[in-house]
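J.: Quick one: this structure, given as structure tokens, is what I'll be asking you about.
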Amino acid sequence: MKYTQHAKVRMAQRGIPHRLVGVARKYGRIDGDRCVLDRRAIRETLSELAAERALLIKVMDKGGVAVAEDNDTVITVFNLEQEYRRG
């Protein structure tokens, strides 16, 4: 991502680091020529991330999950913990 000198100055003045700009661009909505991340969108995103975190914890408890697929068709799935216990 390129930043104009103006943007760099404003970011410094307003205490907005590059990582916050990245978060706004990733989770914000396009509104004309802007990307806006408001409180409502932040709450929704946090809720979605909490659900995603819970799923990732379940996968971790299984030691990981592998999915074998071909041409966008799932052939089989297995828990990695069971698969790699043999080795």
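The values are calculated or read from the model by the stated rules, or taken from the named source; none is laboratory data. All values reported here derive from a predicted model rather than from experimental measurement. Glycine also receives a Cβ, built like all others from the backbone with ideal geometry; neighbour counts cover every protein chain displayed.
J.: List every residue pair whose Cβ atoms sit under 6 Å apart, with the two residues 6 or more apart in sequence or on different chains, where the first one lies in the stretch 24-48 and is within 18 Å of Met11 (Cα to Cα) and the second, anywhere, is outside any helix (DSSP H, G or I) and β-branched (Val, Ile, Thr).
T.: Gly28/Val36
J.: Same structure again: I need every pair where a residue in the stretch 66-81 that is of a type in the set (D, E, K, R) has its Cβ under 7 Å from the Cβ of a residue that is surrounded by 10 or more Cβ atoms within 10 Å (Cβ to Cβ), sequence separation at least 6 or different chains.
T.: Going by the 7 Å Cβ cut-off, the qualifying pairs are Glu81/Lys62; Glu81/Gly63; Glu81/Gly64.
J.: Would you mind telling me which numbered condition in (1) modelled with pLDDT under 95; (2) part of a helix (DSSP H, G or I); (3) exposed (fewer than 10 other Cβ atoms within 10 Å of the Cβ) Gly87 fails?
T.: Gly87 satisfies every listed condition except (2).
J.: For the stretch 26-45, check the following and say yes or no: at least one residue is surrounded by 11 or more Cβ atoms within 10 Å (Cβ to Cβ) and on the phi > 0 side of the Ramachandran plot.
T.: Within the stretch 26-45, the subset surrounded by 11 or more Cβ atoms within 10 Å (Cβ to Cβ) is 27-29, 35-38, 41-42, 44-45.
This time we only want the ones that are on the phi > 0 side of the Ramachandran plot, so: none.
No, the stretch 26-45 contains no residue that is surrounded by 11 or more Cβ atoms within 10 Å (Cβ to Cβ) and on the phi > 0 side of the Ramachandran plot.
J.: Next question, about the same structure. For a quick check of your reading: which helices (runs of 4 or more DSSP H) sit entirely within the stretch 1-69 and have at least 1 residues that are within 30 Å of Glu81 (Cα to Cα)?
T.: So the answer is 39-61.
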